[in-house]
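Computed from the coordinates by the stated procedures, all read-outs in this text should not be read as laboratory data. This structure is a prediction, so every number in the text was calculated from the model and none was measured. Positions of Cβ are backbone-derived with ideal geometry, glycine not excepted, and every protein chain shown enters the neighbour counts.
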Amino acid sequence: MRLFPAFLLSGLIAAVLLAGCASGPDVDDETAGMSAKELYEEAQYAINSAEFQTAVKHLESLEARYPFDPYAKQAQLEIAYAYYKFDELDQATSAVERFARLHPRDPHMDYVYYLKGLINFNRGQGLLDAWIPRHPAEHDPAVLEQAFNDFATLVRRWPNSEYAGDAYQRMIYLRNQLAEKEILVAEFYMERKSWLSAANRGKKVLTRYPNTIWTKRALEIMLQSYQELELNDLAADIQRVIDYNDFSDVRNPTKSDDFGKSKS
């Protein structure tokens, strides 16, 4: 085997190392030399152009290069929004929770909970939903409940927030979907003549999700279940409730397609 002289070997190693340095990631970085403000403005332009992956790249560069600049703090929140719009919900959740942890007294915390609610609402959707959409009631109820709780926190703590009105409407929508989930389960039990289980699901709708569009259906399920179980006194009580109430004016607000945008 032929051996290289020591001085040639060391020179070869040095040349390889220099070549590696010359091809480093900053050589072709088009944002090199940009100020924090310029990076932020480029990210905003990317967001407005729906180029969310590019926006994330600029915002992450901003935070890495200028960690103590005022724009870096805003970048942390904008990253969460960009990830959300890019359907990278795990990263969006991590980013928004990191912001909340680092800046618990930030004046934009109302928006933080609004964004958390939007992320959790969409988290229940699977990869196939784009091709075979599911009804929201068929999503994981734990995810819908978390979204409801996020919006509820916003409405309770910041009732005058610009996001409170929309969050409240989404709470109504989510509560209807959670109630419908229980109705679907109750009807499943009815098909199998599991009347006690069906009645309990109907009762759960009334106690946990009162005043939804499914209240009347829950009462009807309870009425039929009690009749099948020959619990005549309970059936008579439910019938009186149905007769006494007017369910014709119950509304079902739908989810807005406009999810809002982060503060700038």
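Annotations
- Among the GluC sites (Glu not before Pro) within region 213-248, those in coil by DSSP and having at most 12 neighbouring Cβ atoms inside 10 Å are Glu230.
- When each of Asp150, Asp237 is scored by the number of other beta-carbon atoms lying within 10 Å, the sequence from fewest to most is Asp237, Asp150.
- In order along region 179-191, the phi-based Karplus estimate (6.51 cos²θ - 1.76 cosθ + 1.60, θ = phi - 60°) of 3J(HN,Hα) comes to 5, 4, 4, 5, 5, 4, 5, 4, 5, 4, 5, 5, 4 Hz; Gly and Pro are listed as x.
- The Rg/Rh ratio of region 34-85, with Rg taken over Cα atoms and Rh as the Kirkwood radius over Cα pairs, comes to 0.92.
- Given +1 at the Cβ of Lys and Arg, -1 at the Cβ of Asp and Glu and no other charges, the dipole of region 34-85 around its Cα centre is 100 debye to the nearest 20.
- Working note: Karplus 6.51/-1.76/1.60 with θ = phi - 60° gives region 204-218 the couplings 4, 4, 5, 8, 8, 10, x, 6, 9, 6, 9, 4, 5, 5, 4 Hz, where Gly and Pro are set to x.
- Rg in Å to one decimal, and Dmax rounded to a whole Å, for region 46-123 via C-alpha atoms: 11.8, 33
- Per-pair calculated FRET efficiency, R0 = 45 Å: Tyr244 and Lys37 via Cβ, rounded to 0.05: 0.10
- Which listed pairs, of Lys85/Lys181; Lys85/Lys204; Lys116/Lys193; Lys37/Lys85; Lys116/Lys204; Lys116/Lys203, have C-alpha distances above 32 Å, in listed order: Lys85/Lys204; Lys116/Lys193
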